[in-house]
Amino acid sequence: MEVAKFRIVLKNLLLVFLGILSIQACQQPAKEIIFPQTDLTAAALIPKPQTIEATHSAFGLDKNTVIQTADFNTIGTYLSKKIEEQTALVLPVNQNIKADKVIFIRKGAGNTVKDKESYQLTISNDSLLLEAATAEGAFRAVQTIRQLIPQTANDTLANHKMWLLPTGTIFDRPNFGYRGFMLDVARHFFSVDEVKKQLDILAYYKINVLHLHLTDDQGWRIEIKSWPKLTEVGGTSEVGGGNGGFYTQDDYKELVAYAAERYITVIPEVDMPGHTNAASFSYPELNGNGKTPKRYIGTEVGFSTFDAHKKVVYTFIDDVVREIAAITPGPYFHIGGDESHVTPKKDYVYFVEKVEKIVQKNGKIMIGWDEITQAEIDSTSIAQYWNTPENALKAAKNGMKVIVSPAKKAYLDMQYDKHSTYGLHWAAYIPVDTAYQWIPENYIKGLPKENILGIEAPLWSETIFDSQSLEYLAYPRLIGYAELGWTSKENLNLKDYKRRLAQQRYFLDKKEIKYYSLE
Ligand code: TNX
């Protein structure tokens, strides 16, 4: 058949197909239409975009589609790879091939795409236009395109598969520039490959920060060349008595690079002055609790501390911060600072103020758990609220930014309910719905929105030790937190979220994510 004829047949078939779909759409309740569908507003996108306008037709993604980029060429190649993963179509990028349909990527002008992560998608029958101000915005837009591609092709034409994307316009931007996931690799260690698997999922839901809790009483997980015993000794233990493990600096660089390819910033945390038993067991001269440090594999907190008055402690911290800062391109260094129950308050304050200077000297912005606001710290430093609202309010009064991580709502290590296989419940039981039912900017009464940097969901690892147990606690709640960080509060709606969440099973199953339940 000549090409022209073929195209007419194709078009007619598409129209008939769309006709059938819309008849079905009238007969069934909207939520039962799975894929394909032509209502862009009903697409199972998470996080929910800022605005969606549907034009109720379809873009037929098929082998006659090409990708052209005026800007952000690497994003074009990345999109082609992702489309191939989902559909096995290999779309040429910038090859000057005459084509029926084009996906065009360009730097957008004007107000619509002025934030660095914002983007616009304009989808018509024969073109899909992606506009963003930055490559980062274009990367976020690609995640939306991935989510718009139906799971199954329309194969009415036996050997011409076509994936129908609903037409219309999406304009999108994040509510918060910081949308984080924390993984505790200290209580139990997670390998580079295990973390990479999670980074792929984070990227798909537009999470842009991975905070690694690298040290604690039970283990030290990052190679420090000037203090080798930290990993030789401190890296060989974990909760419950396993062998632990650690990242060499090369491993860490590999993780940071993998995250950066996904526009995810890695934040390293070295917890101090408490939570330091593994360091003090490796180098007893650092210890400040008056006892001989022993290997610790339990789960109690608050018994360890550095000696805030020893010079060697600050030499040590300077070395650690310098070595880690040198392999961390992101702007932040997290000093922990939580639950230092055996550090006298005046020592704690003195310590935090000194460590802040060390972090700044090494070119980083300090983050600490909300207790750090007991010290007189700079307005450029950041407090991570987890438990004490007064600390968050004090931070804001100092002009500081706050990361919102309420244990009662956003702690991924809390059990779903009393039957959960993994997790703790000291803060709360957090079922899937409850995890979604709060509004980060309203949660701490009196905290102005301009002081909120964003939200983060921490996953502490006392009770988890491999991908399966990690994923049981993280999914699907983390997907909800991704939406709470990105989507404006006016667009948050539990019922609509649950409908979209149920549809995530195709992606999560394909990625072999062992989620708890999407119900
Ligand atoms: C509190 S939250 C901790 C961690 C524990 C966690 C368990 C915070 C800053 N500290 O040391 O792992 O509870 O849920």
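Which lysines, on any chain, are close to K294 with Cα under 24 Å apart, when same-chain ones fewer than 8 places away are left out?
Of all the lysines, those that pass the test against K294 - Cα under 24 Å, at least 8 places apart if same chain - are K225, K229, K310, K311.
Under a 1.4 Å probe, what is the accessible area of the range 327-423 per residue, stated in Å²?
Value for the range 327-423: 39 Å² per residue.
Suppose every Lys and Arg Cβ carries +1 and every Asp and Glu Cβ carries -1, with no other charges. What dipole size does the range 325-440 come out with about its Cα centre, to the nearest 20 debye?
It comes to approximately 240 debye.
Where the centre of each part is set by its Cα atoms, how far does the range 199-216 sit from the range 36-92, in angstrom?
Answer, in whole Å: 25.
Take the Cα coordinates of the chain, assign each an equal point scatterer, and use the Debye formula without solvent to give log10 I(q)/I(0) at q = 0.12 Å⁻¹.
-1.08
List the relative contact order of the range 116-225 as a percent without decimals, with contacts defined as Cα pairs under 8 Å and 6+ residues apart.
Computed over the range 116-225, the figure is 24 percent.
So how much accessible area does E85 have, in Å² to the nearest 10, using a 1.4 Å probe?
Probe radius 1.4 Å; accessible area of E85 about 80 Å².
With the full set of protein chains in place, find how many percent of the accessible area of the range 418-519 is carbon and sulfur; take the probe as 1.4 Å.
53
Which value, in debye to the nearest 20, describes the size of the charge dipole of the range 215-281 about its Cα centre when Lys and Arg Cβ atoms bear +1, Asp and Glu Cβ atoms bear -1, and nothing else is charged?
120
Between T51 and K495, what is 0.36 nm times their sequence separation minus the Cα-Cα distance? Round to one decimal in nm.
So the extension gain works out to 158.0 nm.
First check a/c for the range 133-259, with a ≥ b ≥ c the square roots of the eigenvalues of its C-alpha gyration tensor; if it is under 1.5, answer rounded, and if not, answer prolate when a/b is larger than b/c or oblate otherwise.
The shape class here is prolate.
I need the Debye-formula profile for the range 291-379: one equal scatterer per C-alpha, no solvent, reported as log10 I(q)/I(0) at q = 0.20, 0.24 1/Å, two decimals.
Taken in order of the listed q values, log10 I(q)/I(0) reads -1.03, -1.31.
Quick check for me: using +1 on Lys/Arg Cβ and -1 on Asp/Glu Cβ, what's the dipole size of the chain about its Cα centre, in debye to the nearest 20?
Values: 58 positive and 62 negative charges, 221 e Å.
My answer is approximately 1060 debye.
Answer with one residue from A42, H419, P268: the one whose Cα lies farthest towards the positive end of the charge dipole of the chain, charges on Cβ with Lys, Arg +1 and Asp, Glu -1.
Projecting each Cα onto the dipole axis, the largest value belongs to A42.
How big is the range 219-282 along each principal axis, measuring the range of its Cα positions in Å and listing the largest first?
Reported extents, whole Å, longest axis first: 36, 28, 22.
Could you tell me which of the pairs K253/K514; K196/K514; K81/K511; K48/K489; K364/K401; K82/K206 are separated by over 18 angstrom between their Cα atoms in the structure shown?
In this structure, K253/K514 exceed 18 Å between Cα atoms.
If you build the convex hull over the alpha carbons only and average its shadow over all orientations, what do you get for the range 396-519? Give it in nm² to one decimal. Intermediate values should be presented prior to the final figure.
On the way: hull surface 32.9 nm².
Average projection, Cα convex hull of the range 396-519: 8.2 nm².
Quick check for you: with a 1.4 Å probe and neighbouring chains kept, what is the accessible area per residue of the range 205-280, in Å²?
26
May I ask you to derive the relative contact order of the range 86-178, considering only C-alpha pairs under 8 Å and at least 6 residues apart, and to give it as an integer percent? Provide the component values of the computation, followed by the final result.
Numbers: 134 pairs, mean separation 24.3, N = 93.
Computed value for the range 86-178: 26 percent relative contact order.
Which value, in Å², gives the accessible area per residue of the range 436-482 when a 1.4 Å probe is used on the protein heavy atoms?
Per-residue accessible area for the range 436-482 comes out at 29 Å².
Taking 8 Å as the Cα distance limit and 6 or more residues as the minimum spacing, I'd like the relative contact order of the chain as a percentage.
For the chain, the relative contact order is 13 percent.
In the range 35-174, what percentage of the DSSP-assigned beta bridges are antiparallel, given to the nearest 5?
60
The values are calculated or read from the model by the stated rules, or taken from the named source; none is laboratory data. Values in this document were obtained by computation on a predicted structure and should not be read as measured data. Cβ: placed from backbone, ideal geometry, glycine included. Neighbour counts: every protein chain shown. Protein only, heavy atoms only, side chains kept; ligands, DNA and RNA dropped before computing areas. Shrake-Rupley method; radii C 1.70, N 1.55, O 1.52, S 1.80 Å.
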